[in-house]
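**Q** So that we are looking at the same thing, I have put the structure below in structure tokens.
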Amino acid sequence: MRYRLVVAVIALGALVSPHVAAADVATDWNRTMVSALLATHTAPQPGTRIGAIVQSSVFDAVNGIAQRYTQLHPEVLGNADAPRGASKQAAAAGAAYTALVALLPSQQAAFDARLASTLNALSDDDGTGPAVTRGLM
């Protein structure tokens, strides 16, 4: 019993600690989305809808580069191929950012800061590397 309690406390600490290692860009933007939903006191039903829209946007953006699965909303992306060498991480961040700003405009300042942080982490030259720029297209 004591072992389970220790494991549960460690797991809970990992979930709420701001210094947890980043798993990936999509997970980081999920955290950003959840924080924004909490900050705006969004009810569960609209929050679930917002989550679905953001995640389908991220999926389509990344899959537009990887082209591994059928797009959820091909009419949004058109039939154009993603630019060669585009960053999947930048595409995920850009899609999440765009959807969240449209859905929760009151939190745009937080989203702007998060996007800048994400792009800086992806590129050695302040988020303007060729792969990052192509991923945001």
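Here, each number is a calculation from the coordinates, and none is a lab measurement. Keep in mind it's a predicted model, so treat the numbers as computed, not measured. Backbone-built Cβ (ideal geometry, glycine too); neighbour counts: all protein chains shown.
**Q** Once label points are set 7 Å from the Cα along Cα→Cβ at both Tyr69 and His41, what is their separation, rounded to one decimal in nm?
**A** In this crude label model, Tyr69 to His41 measures out at 3.6 nm.
**Q** Let me ask another. What net charge do the residues around Gln89 carry, taking every other residue with its C-beta under 11 Å from that of Gln89, with Lys and Arg at +1 and Asp and Glu at -1?
**A** Numbers: positive: Lys88; negative: Asp24, Asp28.
My count for the surroundings of Gln89 gives -1.
**Q** Using θ = phi - 60° and the Karplus relation 6.51 cos²θ - 1.76 cosθ + 1.60, list the HN-Hα couplings for the range 44-57 in order, rounded to whole Hz, with x at every Gly or Pro.
**A** x, 5, x, x, 5, 4, 4, x, 5, 5, 4, 5, 5, 5
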